[in-house]
Amino acid sequence: MNEKFNIEGMTCTACAAAVERAAGAVPGVDSANVNFATEKLSVNYNPEAVEIQDIMDAISKIGYKAIPIDLTKNTPVVNDAQDNLKLMENRMVYSLLFTIPLFYLSMGPMVGLPIPPFLSGEENLTVNALTQLLLCLPVLYIGAHFYIDGYKALWFRVPNMDSLIAVGTSASFIYSIYVFYNMLYAVSHGNMMMLHHYAHDIYFESTVVILALISVGKYMEARAKGKTSQAIEKLIELAPDEATVLVDNKEKVIPIEDVVIGDKIVIKPGDRIPVDGVVLEGDTSIDESLLTGESIPIEKTVGSTVIAGSINKTGSIIFEASRIGEDTSLAKIINLVEEAQASKAPISKLADEISRYFVPTVMAISLIAFTIWFLLGYGFSFALSIAIAVLVISCPCALGLATPTAIMVGTGVGAKDGILFKNGEALESLGKTNAIVFDKTGTLTIGEPKVTDIITTSNLSDQDLLKLAASLEAKSEHSLSEAIIAKAEEENLPLETVKNFKAVVGKGIKGLINNKECLIGNDKLMSDYHISLGKYKEKSDELAEVGKTPLYIAYENKLIGIIAAADILKENVKESIAQLQAMGIEVYMLTGDNIRTASAIAKQIGIENVIAEVLPDQKAEVVKNIQDSGKNVTMVGDGINDAPALVQANNGIAIGNGTDVAIESADIILMQEDIRKVPTSIQLSISTLNNIKMNLFWAFFYNTICIPLAAGILYIPFGIKLNAMLAAGAMSLSSVSVVLNALSLRFFKPKIYPTKTEAYHLNIIKFKSEESEFNNSYIERKEDMEIKFKV
């Protein structure tokens, strides 16, 4: 069972690691995962072995608070984020209000800036110091949370970033108080030399500037992090609070929570759809762009489905509620995106492990640096300034934010474009794809046959031939029959009465129309009735060569025409396949069709590798065989029989209009049928992974360079010493820069790769389950082709 918690009190990844360890150590907990960017804990546990309260108690014992959350009630989380941002803003503003005059008072005279007469001059050194102390106290009060959280973490032996800040600023403040007392002592004894000596050792300004700069950094970080969750907030805002239902044929407005399945809901132009349902009355167009990424409004008529959160544009409709609450598509999308944003990518493991030991290591480096400089004879004040600089410049936050912020933005961008990643692992893994397998039916094709050609051999018109064929096919249950009937309905053709209907297994159908025998079927059926095909046999073969299924129609013992049907390609399939190939990805088409049909479709699309005559239960085995050749395989499918293959693949992509089983089995879901989203999703994965690597590089680079610099490694050879205030500013900027770099993903646009006209080999591979492998002996056909793509 899975439970999610909001965690209060975390300030850096060291906190997140501590919470993760505490929750994971509870007997009965299988796994615990903390996302520092979202401040959420996800726990998988055995409810028979552990209770939620046990997990909460374990986290409470190390100084943090865990609050169970319901993912379907997201609005309070958004409000909490806004309240937290306002709190951060207030802390920043009030800290700066006292810090700026204190900094001016302390540093102004050094650069020749004037200060009030009662605070200037040797005779007013102690008054100046007292004024700095009084200005320092409000900032300490405003930043009290640093000390409360920091020392509490030290007490529980899980030191965090607040511990570094608390120890560093406490040391500078306490030492400044010690210096202030020495100044008072010097004045009372008239020792001006001692007074001058100590006047330069006051660090009140360092204390407050460190706290103020960190408050500025925290505010900027919180504001930037807020933008990473905008996708979720926009989705949450899509759900209306009320719905207009019909009660005794009268309209009544009720809260969305009171809607039940079966309610008839009235929607007028401009209204948002409150729940999922099926249209009962009316026609309209609905904007589903924020849910599916489809920019063009979708026409809806009686029988069409409508999705919660979409916007009605033109007409008025009445629909019946079919899914409510957490079962709506909108709620499921929100849950999927939240779970993805709260998950971790495998690449984050290194940063997590380093963050676990980071703070204690920094404290040790600070103490060692202080001891070395003090023993070298540079004095207590100098050594203390070095130690403080080491403490405040160290930034575990940059490491902790590097991965989750990029994942949050990446999944949000994907959701906005109709691409749903179920977790961070899928987002990272998809970009490593070097082989992609497409199921043909319903994925590359529309999934149902359509009439493509009508050829008459007599004086009959196309409509007359279609009318006869549809009349007879109306008695059949074959999928090709549905295509012919649909075509006749499209042209509003009346059907004839059929008598003595009979299906001839494996050959076709026959019956009497106007008391005359009519036959529809293949060449075997025509041969049985001695009907000559003549030159039309060649035409039939041509149709079959391009993947169409020709049906002969005979009437009164004469061939009167051919009707061909095919499962036609979806839009943009050719361009999408060309883009994948241009990206260096090996593309396979997986189909149960015979070799002849498979090769014809491959010619149309431009796919080089086709695995034909595969039974539904063999698809997963095919994927495994490709994986065994060393490929990182992505499987794209939409049906129930695709589910095992989707699970077997390194990455499974389900088409959003596919079955629930396929969607549940997949790692990535495409909300539209647009195959162009496949290369887009791979490119988004690559961009996100590159962003994470860049974030981690700069986080590691920052700490690797800045900690030795703060420790004074360049002071003896070059006289360069890093001021503690500059260290605090650098630390804050490092976190902000990582978040801002992650936010750059918001401007992601898929790249259009140039495609070239080139010859290639078409490999048709017949899969044989008894061999459970691909073997060259099964290559039935290999030919050179030239195909052109225009993108």
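The values are calculated or read from the model by the stated rules, or taken from the named source; none is laboratory data. All figures in this text were calculated on a predicted structure; none of them were measured in a lab. Counting neighbours? That spans all protein chains shown, and the Cβs are built from the backbone with ideal geometry, glycine included. Protein only, heavy atoms only, side chains kept; ligands, DNA and RNA dropped before computing areas. Shrake-Rupley method; radii C 1.70, N 1.55, O 1.52, S 1.80 Å.
Here are some notes:
- On the chain, 55 percent of the accessible area sits on carbon and sulfur atoms, based on a 1.4 Å probe.
- Across 450/535; 313/677; 218/751, pairs whose alpha-carbon gap is larger than 29 Å: 218/751
- Between helix 396-416 and the chain: long-axis angle, C-alpha atoms, 0 to 90°, nearest 10: 30
- Cβ charges +1 (Lys, Arg) and -1 (Asp, Glu), total dipole of the chain, debye: 1880
- Here the simple spin-label model places points 7 Å from the Cα toward Cβ, and for residue 44 and residue 624 these points are separated by 2.1 nm.
- Listed by chain and number, the aspartates and glutamates whose C-alpha is less than 20 Å from the C-alpha of residue 152, apart from same-chain residues fewer than 8 away, are 8, 20, 39, 57, 162.
- Relative to the longest principal axis of the Cα atoms of the chain, the long axis of helix 204-228 makes an angle of roughly 10 degrees.
- A cut-off of 5 Å between modelled amide H atoms, ignoring neighbours fewer than 5 places along the same chain, links residue 300 with 284, 285, 286.
- Against the set [x] 1.28; [y] 0.92; [z] 1.53, the structure's computed Cα Rg over 2.2 N^0.38 Å falls on [x].
- Using the Cβ-Cβ distance between residue 113 and residue 432 with R0 set to 60 Å, the FRET efficiency works out to roughly 0.55.
- Sequence ranges 357-367, 101-111, ranked by mean other-Cβ count within 10 angstrom, highest first: 357-367, 101-111
- Contact order for the chain, expressed relative to its length and based on alpha carbon pairs under 8 Å spaced 6+ residues apart, stands at 12 percent.
- Of 300/487; 487/619; 40/86, those spanning more than 27 Å from alpha-carbon to alpha-carbon: 487/619
- Cβ-derived FRET efficiency at R0 35 Å, residue 85 paired with residue 200, nearest 0.05: 0.35
- Pairwise label distance in nanometres, residue 464 with residue 615, each label 7 Å out on the Cα-Cβ vector: 4.8
- Ranked packing of 444-453, 531-540, most packed first, by mean Cβ within 10 Å: 444-453, 531-540
- Each residue of the range 702-714 was assigned a 3J(HN,Hα) from its phi angle through the Karplus expression (A = 6.51, B = -1.76, C = 1.60, θ = phi - 60°), giving 4, 5, 5, 7, 6, 5, x, 5, 5, 6, x, 5, 9 Hz with x at Gly and Pro.
- Helix-only [θ]222 nm of the chain, DSSP H runs n ≥ 4, -39500 (n - 2.57) each, per residue, nearest 500: -15500 deg cm²/dmol
- Listed residues 176, 590, 647: farthest to the positive end of the dipole of the chain (Cβ charges): 176
- Against the chain, whose longest principal axis comes from its Cα atoms, helix 724-743 is set at around 10 degrees.
- The listed peptides 207-218, 685-696, 370-381, ordered by packing as a protection proxy, come out as 207-218, 685-696, 370-381 (highest mean of other Cβ atoms within 10 Å first).
- Rounded FRET efficiency, nearest 0.05, which uses the C-beta distance separating residue 57 from residue 253 and R0 of 60 Å: 0.85
- Spin-label model distance (nm) - residue 448 vs residue 714, 7 Å beyond Cα toward Cβ: 7.1
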